[in-house]
Every structure is written in C-alpha cells, then in structure tokens.
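Chemist: Please find one structure pasted underneath; my questions will follow.
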C-alpha cells in the first residue's frame, strides 16, 4: 500500500543521521516485529546506523553514500566480488523467472580493511 508507518517533522538546522536507528526502533514497536526491510536514503547508510540495525536483528536497504572510502570499496568489489555472484531474477507467474542481472552480497561486519594496502577483504568463515 505504501503507507508511512512513522514520520517526523524536523527543524532542519541539525543533522538527521542519528535519527535513523531510533526511527527503525519506532517502526519495530508499531508493527511488533523486526521482519521488515527498512528502506531509507543514503544518510542511513552510515556504518553506525547499519551496524545498529543489523546488531538488533534488522534488515535494511539503503544506497551507500559515495563519500569516504566507499567508492574505492565498491570499485574493488565489482572488479573482484567478495562473495558468490548470484542471478537476480524477477518471478513471472506461470512462466520461467526473468533474469534481470547478477549481484553479490557484502555482509556488514564481515570485512577487514588492510591499512597498508587500503584493500578490503571478507573474513574467512
């Protein structure tokens, strides 16, 4: 339905970055569980926000801000994916799934940054 569950009106004279995790917590209270995808803008993509949501059992989908080391990491991951590449398909009722692309997942907290080379690597399981 696309109906907002939580909203906030802010003054605009301060950073809203620290408000994303408390907003996620409010949504958990409103719907009574954590089995939803929290979708937000790139300001919710900070390590702190994503880490808090993940540590509390949440799932999120946010664009990663193209600042700091992120552009370098993304380029490295595209050239040398840190995990298995999988097909991305759209289900077609009564027909075969429609392949729309390929992708891979990078799980927060499973990466290690080599300070010497500035390269990011997945932890071995």
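Readers should treat all values here as calculations from the given coordinates under stated rules, not as data from a laboratory. Predicted model only: the values in this text are computed from it and were never measured. Glycine also receives a Cβ, built like all others from the backbone with ideal geometry; neighbour counts cover every protein chain displayed.
Chemist: Report the label-to-label distance for residue 67 and residue 26 in nanometres (one decimal), using points 7 Å from each Cα along the Cα→Cβ vector.
Modeler: Going by the 7 Å Cα→Cβ label model, 2.3 nm.
Chemist: For residue 13 and residue 42, FRET efficiency with R0 = 25 Å and r from the beta-carbon atoms, rounded to 0.05? Intermediate values should be presented prior to the final figure.
Modeler: Working: r = 20 Å, r/R0 = 0.82.
FRET efficiency, residue 42 to residue 13: 0.75.
Chemist: Which percent of the Cα-Cα distances in the chain go past 18 Å?
Modeler: On the way: 5023 of 7750 pairs.
Pairs farther apart than 18 Å: 65 percent.
Chemist: Sticking with this structure for a sec: Which order do the peptides 68-75, 98-105 come out in when sorted by mean C-beta neighbours inside 10 angstrom, highest first?
Modeler: Values: 68-75: 12.6, 98-105: 10.4.
Descending packing order for the listed peptides: 68-75, 98-105.
Chemist: Something else now. Can you give the helix-only mean residue ellipticity at 222 nm for the chain, where every DSSP H stretch with n ≥ 4 adds -39500 (n - 2.57) and the sum goes over all residues, rounded to the nearest 500 deg cm²/dmol? List each step's numbers first, then the result.
Modeler: Details: 3 runs with 31 residues, N = 125.
So the helix-based figure for the chain works out to -7500 deg cm²/dmol.
Chemist: Given a Förster distance of 25 angstrom, what is the FRET efficiency for residue 88 paired with residue 33, based on the Cβ-Cβ distance and rounded to 0.05? Intermediate values should be presented prior to the final figure.
Modeler: On the way: r = 27 Å, r/R0 = 1.06.
Taking R0 as 25 Å, the efficiency between residue 88 and residue 33 is 0.40.
Chemist: Suppose we keep just the alpha-carbon trace of region 1-64; what are its Rg and Dmax in angstrom?
Modeler: Rg then Dmax for region 1-64, in Å: 11.6, 33.
Chemist: Sticking with this structure for a sec: Return the distance in nm (one decimal) between the two label points of a simple spin-label model at residue 102 and residue 76, each offset 7 Å from Cα along Cα→Cβ.
Modeler: Calculated label separation equals 2.2 nm.
Chemist: Take each of the peptides 87-93, 76-82, average the number of other beta-carbon atoms within 10 Å over its residues, and list them starting from the highest. Each step should come with its number before you reach the end.
Modeler: Numbers: 87-93: 9.1, 76-82: 12.9.
Those peptides, ordered most packed to least, come out 76-82, 87-93.
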